[in-house]
Amino acid sequence: MNRSDFLFAKPSFIGGMSSVLDLGATLVEYNDSPNVEMADAIAMHSDWAVTGQDIAVAAEQWRKRQNGKAE
């Protein structure tokens, strides 16, 4: 998982065009889970995974800058 938008619908151009005619909102489909606790756990795991990736990228960029200054 590298995204933190697990519980959101994945929009598309065709989906947007068809939603104009979908007056009853029958075409809207969200990523669902068996229960609230599972949805929270999946969303939190995804959020922390993305946060960890961001920290790793920032640490690597910092390391490269430090190595560049030392040379």
- Item | Distance in nm between pseudo-label sites at A39 and W62 (7 Å out along the Cβ direction from Cα) | 3.6
- Query: Tell me, Kirkwood radius of the stretch 13-70 from alpha-carbon pair distances, in Å?
  - Reply: 15.5
- How many nm is it between the label spots at T51 and V20, if each spot is 7 Å from the Cα in line with the beta carbon? 4.2
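Where a number appears in this text, it was derived from the coordinates with a stated rule and is not lab data. The structure displayed is predicted, hence computed values, not measured ones. As a convention, Cβ positions derive from the backbone with ideal geometry for all residues, glycine included, and neighbour counts pool all protein chains shown.
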